[in-house]
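Q: Take this structure, written in structure tokens, and hold onto it; I'll ask about it next.
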């Protein structure tokens, strides 16, 4: 990586994103810059100041307003960082929509898809080209992102797909949600399953095009599963948090990938959990009664 590094984390006012910013700021150096981003100017400014004043912080920390549902704003920020710094070295796409059990999945679908999927596509398209050699680009997903969690009839939409094809599949799924035809088309009722599979598929699509060059320059693009994390987003969904990690603990495994001395070729483009690649074709579709949702 470069002597002076630029790091960016989306959705980083609180929870895992905030812990990732804190970890980056503690492990990078005084010449480096960590950008904490979120939608609300006041919260972003306050969070960035708090991290900057932590005893363990070594690098510079700045807040930037970024609504990840605004694809033009993502493109503009990438252009600005390219112009100011010549690119970025670390990108962690972490933004997520908070949902509660019992909420209508259909009513929240657009927001959920825009934050988790449309934003992931935009981050890959805009920040992939400005990622400097030796950089790290990680998309926070879930172990539900393996292809086997979808019914077999849907696998062809994502297996070996290009980013354009992943985007088309996501929009087809969105349309099915709006028209009430998800069950007829074979889509799971729980938004989180197709969303996470699509996130991982998008990363795999971009990585497939860049693999040879990126491995030659020790650059990593991958998706990551942080495991169960005790956050405001996840807490409503689980009754037992005895095995959950704190945000700081979950951030540790992700940051180990960021600061790894060399890229493991078996990690490149894969969904990684605790430093190991998950089999893309693993998983089984969830039963409807296990999805904890109201359609």
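Q: I need the calculated FRET efficiency for the pair residue 75 and residue 249, taking r as the beta carbon distance and R₀ as 51 Å, to the nearest 0.05.
A: 0.90
Q: Once fully extended, how much extra length lies between residue 281 and residue 106, figured as 0.36 nm per residue of separation less the alpha-carbon to alpha-carbon distance?
A: 60.3 nm
Q: From the list (1) 43, 25, 13; (2) 38, 31, 18; (3) 30, 21, 18, can you say which value of semi-axes √(5λ) of the Cα gyration tensor in Å was derived from the structure given?
A: Derived directly from the coordinates: (3).
Q: Quick check on the chain: helices-only [θ] at 222 nm, where DSSP H runs of length 4 and up contribute -39,500 (n - 2.57) each and the sum goes over total residues. Nearest 500, please. Before the final figure, lay out the partial values.
A: On the way: 9 runs with 116 residues, N = 295.
Here the helix-only value at 222 nm equals -12500 deg cm²/dmol.
Q: Another question, if that's okay. Could you check the simple spin-label distance between residue 84 and residue 266, using points 7 Å along Cα→Cβ, in nm with one decimal?
A: Roughly 4.0 nm, to one decimal.
Q: Something else: At what distance in nm do the modelled label points of residue 43 and residue 209 sit from each other, each positioned 7 Å from its Cα along Cα→Cβ?
A: Here the modelled spin labels are 3.2 nm apart.
Q: Specify the angular offset, from 0 to 90 degrees and rounded to the nearest 10, of the alpha carbon long axis of helix 41-52 from the longest principal axis of the alpha carbons in the chain.
A: Relative to the chain, helix 41-52 is tipped by roughly 50 degrees.
Q: Hey, what angle do you get for helix 163-179 against the long axis of the chain, alpha-carbon based, 0 to 90 degrees rounded to 10?
A: The answer is roughly 50 degrees.
Q: Nearest 10 degrees, 0 to 90: what angle lies between the long axis of helix 192-216 and the longest principal axis of the chain (Cα atoms)?
A: 50
Q: Next question. How far, in nm, would the chain grow between residue 175 and residue 26 when pulled straight, counting 0.36 nm per residue and subtracting the alpha carbon separation?
A: Working it through step by step, the gained length comes to 49.3 nm.
Every number in this text was worked out from the coordinates using simple rules, so none of it is lab data. Because the structure is a prediction, the values reported are computed rather than measured. Because the Cβ atoms are built from the backbone with ideal geometry, glycine has one as well, and the counts that use them run over all protein chains shown.
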